[in-house]
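Values in this text are rule-based calculations from the coordinates and carry no lab data. Note that this is a predicted model, so its numbers are computed, not measured. Using ideal geometry, Cβ is built from the backbone for each residue, glycine included, and neighbour counts are taken over all protein chains shown.
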Amino acid sequence: MFRPARLDVTGIGNAIVDIIAQTDDAFLARHTIAKGGMTLIDAAAATHLYGAMGPGVETSGGSAANTIAGMAALGGKVAFIGKVQRDQLGEVFAHDLRALGVEYETPASHSESPTGRCLILVTPDAQRSMNTFLGAGQELRPQDVDPATVEAASITYLEGYLWDPPHAKDAFCKAMDIAHKAERLVAMSLSDAFCVERYREEFQHLVAGGIDILFANETEIMSLYQTTSFDAALQAVRGKCAIAALTRSEKGSVIVAGDEVHVIDAVKPRTLLDTTGAGDMFAAGFMYGLTHGRALAGSARIGALAASEVIAHLGPRPQSDMKALLQKSGL
């Protein structure tokens with residue numbers, strides 16, 4: 001499937017620092033927060049919510065950046081393109097990626113907008129409700145997409161959240177064009193059902209005409225095709241792109257590629273604490289498998305293993321030795 005490449009995956013997405021705190025449903029109701037989804041907020045709302053929420057854990061995040069961090073932890077060769085400010089959170093974000101061995105050379109923003117942050121509230125049922133101030137991440141522009149970094153990767157991975165800011169959308173499209181002209185693959189995550197609702201028609205067009213590998217959870221793929229059942233959504237996406245990797249939480253995942261359909265069991269975590277990053281880590285494991293010679297089913301099992309690790313602790317990135325975990329699993 002892949003020609004020789006210097007990088008396995010180049011990810012492009014919002015550069016965000018996550019602030020994660022545990023809370024209850026009453027807090028969500030008081031602050032009119034949509035449970036289990038992602039809501040874009042402005043600087044004032046971010047300041048207010050940060051003051052109201054309990055003690056939090058700070059960690060570099062962002063959907064595509066989490067996936068790239070997960071691939072690096074598995075031993076993949078990866079790069080990331082995303083915009084931060086020259087502030088404390090921007091320094092934290094850059095350091096965390098580079099410490100993992102990720103190539104990260106995107107110039108910092110010169111605007112007054114601070115580095116983006118996502119206030120994540122985790123309820124006792126492990127559902128995460130994300131409130132995102134994109135900040136400097138919205139400043140990502142086509143000139144920030146380095147053609148050499150895209151051309152060097154077997155897969156360019158894009159997050160659906162990136163479709164919100166117009167300049168970032170242009171960067172998204174530039175990266176797709178560069179990747180396909182270099183005969184590389186493009187992967188995309190739908191990111192969130194609310195994101196799908198905002199851009200359903202455009203996303204359908206992308207999946208049918210520009211995306212080679214699609215990542216979506218059950219709610220997102222049903223929203224994309226406006227179906228009332230997962231099976232109907234699966235049939236709707238079949239043939240639209242080369243590979244559709246569809247996750248279903250504890251029900252596992254389904255991989256659709258032409259006439260092939262693989263149903264893969266979830267890996268039970270040692271404990272279920274926080275579902276933040278589960279989809280991101282599944283994508284990391286799946287693309288690691290694909291770029292390291294695994295078949296579709298084997299790649300999905302690596303994705304399930306990576307997702308199982310991340311939901312067992314607070315935070316969207318692995319805390320275990322993923323190379324050792326992968327080796328122990330026999331995958």
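Things worth noting here:
- In this simple spin-label model, placing a label point 7 Å from the Cα along the Cα-to-Cβ direction at both residue 227 and residue 167 gives a separation of 3.9 nm.
- Spin-label proximity, residue 26 to segment 33-66 - amide N less than 20 Å from point 7 Å beyond Cα toward beta carbon: 33-36, 49-56
- Comparing 205, 221, 258 along the charge dipole axis of segment 194-277, the residue lying farthest to the positive side is 221, per the Cβ-charge model.
- Cα gyration tensor category, rounded, prolate or oblate, for the chain with a/c compared to 1.5: rounded
- Under the criterion of Cα pairs below 8 Å and six or more residues apart, the relative contact order for segment 1-117 equals 38 percent.
- For the peptides 83-92, 256-265, residues were scored by their other Cβ atoms within 10 Å and the scores averaged per peptide; the highest-first order is 83-92, 256-265.
- For residue 11, the residues whose amide H sits under 5 Å from its own are 79, 80, 81, 157, ignoring neighbours fewer than 5 places away on the same chain, with H placed 1.01 Å from N.
- Listed peptides 190-199, 39-48 appear in the order 190-199, 39-48 once ranked by packing, highest mean of other Cβ atoms within 10 Å at the front.
- Cα shape, segment 91-145, gyration tensor, a/c 1.5 rule: oblate
- Residues residue 88 and residue 271, FRET efficiency given R0 of 25 Å [Cβ-Cβ distance, rounded to 0.05]: 0.20
- Part-to-part distance (alpha-carbon centres) for segment 89-156 and segment 1-63, which is given in Å: 11
- If you take all other residues with their beta carbon under 10 Å from the beta carbon of residue 183, and give Lys and Arg +1 and Asp and Glu -1, the sum is +2.
- Extended-chain gain in nm, criterion 0.36 nm per residue less alpha-carbon gap, residue 95 and residue 143: 15.0 nm
- Amide H contacts of residue 123 (H built 1.01 Å from N, in plane; Pro and chain starts excluded): 23, 129 sit under 5 Å, all sequence-distant by 5 or more or on other chains.
- Residue separation of residue 292 and residue 250 scaled by 0.36 nm, minus their Cα-Cα distance, works out to 12.5 nm of gained length.
- For segment 314-319, 3J(HN,Hα) computed residue by residue from phi via the Karplus equation (6.51, -1.76, 1.60; θ = phi - 60°) reads 6, x, x, 10, x, 10 Hz, glycine and proline entered as x.
- Taking amide H positions as modeled 1.01 Å from N, with prolines and chain starts lacking one, the residues under 5 Å from residue 39 and 5 or more places away or on another chain are 130, 131, 132.
- Judged by the gyration tensor of its Cα atoms, with axes a ≥ b ≥ c, segment 156-314 is rounded; a/c sits under the 1.5 cut.
- Relative contact order of the chain: 18 percent, from C-alpha pairs under 8 Å at least 6 residues apart in sequence.
- Taken one residue at a time, the phi angles of segment 181-197 give Karplus couplings (6.51, -1.76, 1.60, θ = phi - 60°) of 5, 8, 6, 9, 9, 10, 10, 9, 9, 5, 6, 6, 4, 5, 5, 4, 4 Hz. Gly and Pro are set to x.
- In summary, the lysines within cross-link reach of residue 181, defined as a Cα separation below 22 angstrom excluding same-chain residues under 8 places away, comprise 77, 169, 240.
- The chain - charge dipole about Cα centre, Lys and Arg +1 at Cβ, Asp and Glu -1, debye rounded to 20: 620
- Its relative contact order, with pairs defined as Cα atoms under 8 Å and 6+ residues apart, puts segment 97-139 at 36 percent.
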